[in-house]
Amino acid sequence: MLQKFKTELNLSGAQVECIGLVLEDYRQYYQSLQDQLDDLRLTGKTRIVQILSPDQRVKFEKMMTDLAPQLAGGGK
């Protein structure tokens with residue numbers, strides 16, 4: 001991405017360095033948010049599983065497996 005910006009925007013060396021830092025900060029922030037969302041999903045799933053009977057848990061796990069592609073795509 002940075003290389004594309006550099007080439008298409010004709011960035012100076014200082015601009016490349018600054019934008020590189022911004023992009024790295026954004027990448028780290030985004031990863032942190034993703035990690036938090038993963039923790040939130042796991043916590044919710046764990047709480048649901050604790051409520052269900054063993055038979056219901058099996059069905060729930062299958063439902064979650066079937067829904068995984070939709071959940072990964074943001075429900076699209």
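Since every read-out is calculated from the coordinates, none of them should be taken as a lab result. Everything quoted here is computed from the prediction, not taken from an experiment. Neighbour counts are summed over all protein chains in view; Cβ atoms, including those assigned to glycine, are modelled from backbone coordinates with ideal geometry.
Side notes on the structure shown:
- Extension gain (nm, one decimal) between V58 and Q31, 0.36 nm per residue minus Cα-Cα: 6.6 nm
- Residue order, fewest to most surrounding Cβ atoms within 10 angstrom, among I48, I19: I48, I19
- Count Lys and Arg as plus one, Asp and Glu as minus one, and take only other residues whose Cβ is under 15 Å from that of R41; the net charge is then -2.
- In this simple spin-label approximation, L2 and V49 carry label points 7 Å from Cα along the Cα→Cβ vector, and these lie 4.0 nm apart.
- For the stretch 20-36, 3J(HN,Hα) per residue [Karplus equation, 6.51 cos²θ - 1.76 cosθ + 1.60, θ = phi - 60°, Hz, x = Gly/Pro]: x, 5, 4, 5, 5, 4, 4, 4, 5, 4, 4, 5, 4, 5, 4, 4, 5
- Surrounding net charge for M63, when Lys and Arg each add one and Asp and Glu each subtract one, Cβ distance under 15 Å: +2
- Across the chain, the convex hull enclosing all Cα atoms gives 95 Å³ per residue.
- Calculated FRET efficiency for the pair S12/D38, C-beta based, R₀ 30 Å, to 0.05: 0.20
- Estimated 222 nm signal from helices in the chain, with DSSP H stretches of n ≥ 4 weighted -39500 (n - 2.57), rounded to 500: -30500 deg cm²/dmol
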